[in-house]
Amino acid sequence: MPSYAGPTTPNRGGDVAGTLRLLAYLALAVVLVVLDHRGGWLSQARRQASLLVQPLWTIAGWPGRIAETLYDDAGTLSQLTEENERLRNELLVNSARIARLQTLAADNARLRELLGAAQRGNLDVQLAPILDIDLDPTRQRLVLDSGSNDGVRIGQSVIDAGGVVGQIIAVKPTHAIVLLLTDPSHAVPVAVARSGVRLVAYGDGRTDVLRLPSIPLSSDIKVGDKLVTSGLGGRFPAGFPVGTIISLRPDDSRAFLLGEVRPAAQLDRGRDVLLLRTVPARPPIGIAEPLAVDDPAMTLPAGAGDDAPAEPSGGDVAAPLAPAADADVEADPAPPAEARR
């Protein structure tokens, strides 16, 4: 610049243009504010703009929502797994409790039946728990958790709510052995409750069947007849239910009938039995149903046909035991019926 030049005059045109633009913007802003206040145009514009950018917001929020969902699902899965395990354990415990309660209910029902049978028959009985059982085809025995210390003695009759179970053949201080009706070495004098016909029922080694061998064809007996103890032999009191005849068929000689009897007692179940302390003065009724036999023709002199069972030596449970029956069954497994009357 020459040294003689004077001071520079400022360019006021640019300032004026900027001022005018600012005033124009302010005027436009005022107009828009007034219009928005009166007509809500800007609000509508904002809503339209938000609709346009909504997909962008949704896409932008996907990563966060996915991470939150995964976290919640992981926590829920862990919680559900723990709860499922807890409920499974509770189910097992409750199932065991229910099974135990059902067992107790069944035992309670059987005890009620036993006590009811004793009360209905006005019997002097002793409740004895079953300690062990031996249902081998050649040995049908029970071991009771009662012995001589509890007043148990050899020869006592054993019954349950249904009928005769067997008799005591060996006694120790703390336990006793019962010979079941179904033992192959056992026999019991019986009578048909309907007609009074006297027979002898033998064990067959099965818990659900007794044998009636050598029944005369002329005997008044038929399928469905109830059998009760006849009282002969003096071992079993008269009138106790023994079983029901389920089949009759001729033997090989066609001269006699062979019968099968379903025992009245539940020989293969139950946890307790009743021991007769004293012989009832009258034939009991109502043990399983009224099966007393009052036929005078069935009464024999005392001691007739009485074959006392041999006492086992040493009282060993596992040792072979002599036949404990009201009649001698070893000499002839199927004796004529007339010889037993």
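The values are calculated or read from the model by the stated rules, or taken from the named source; none is laboratory data. Being a predicted model, the structure only gives us computed values, none of them experimental. Note that we place each Cβ from the backbone using ideal geometry, even for glycine, and neighbour counts take in every protein chain shown.
Entry remark, the range 237-269: residues being under 19 Å from ASP204 (Cα atoms) and not in a strand (DSSP E or B) number 8 in total. If the requirement is being touching a Gly at 6+ places or on another chain (Cβ under 6 Å), part of a helix (DSSP H, G or I), under 30 Å from ALA161 (Cβ atoms) and not assigned by TED's automatic domain parsing to the domain that holds ALA264, which of these qualifies: ARG97, ARG110? Matching residue, one of ARG97, ARG110: ARG110. Would you check if GLY147 is buried (at least 18 other Cβ atoms within 10 Å of the Cβ), within 16 Å of ALA265 (Cβ to Cβ) and in the same structural domain as ASP268 (by TED's automatic domain parsing)? For GLY147, the condition - buried (at least 18 other Cβ atoms within 10 Å of the Cβ), within 16 Å of ALA265 (Cβ to Cβ) and in the same structural domain as ASP268 (by TED's automatic domain parsing) - is not met. Comparison of ALA176, ALA201, ALA161 shows that the only residue that is surrounded by 22 or more Cβ atoms within 10 Å (Cβ to Cβ) and at pLDDT below 90 is ALA161. Out of ARG47, ARG65, one residue alone is surrounded by 10 or more Cβ atoms within 10 Å (Cβ to Cβ), at pLDDT 80 or above, among the basic types (Lys, Arg) and more than 30 Å from ALA161 (Cα to Cα). It is ARG65.
Summed over the range 184-205, the residues that are small (Gly, Ala, Ser) and more than 13 Å from THR229 (Cα to Cα) give a count of 4.
Within the range 69-86, is even one residue more than 30 Å from ALA29 (Cα to Cα) and exposed (fewer than 10 other Cβ atoms within 10 Å of the Cβ)? Checking the range 69-86: not a single residue is more than 30 Å from ALA29 (Cα to Cα) and exposed (fewer than 10 other Cβ atoms within 10 Å of the Cβ). When the range 179-205 is filtered for residues that are of a type outside the set (Ser, Thr, Tyr), part of a loop (DSSP other than H, G, I, E, B) and farther than 20 Å from LYS222 by Cβ, the ones remaining, listed by number, are LEU181, ASP183, PRO184, HIS186, ASP204, GLY205. Return the residues of the range 215-242 that are at pLDDT 90 or above and on the phi > 0 side of the Ramachandran plot; say none if nothing qualifies. Correct list: GLY224 only.
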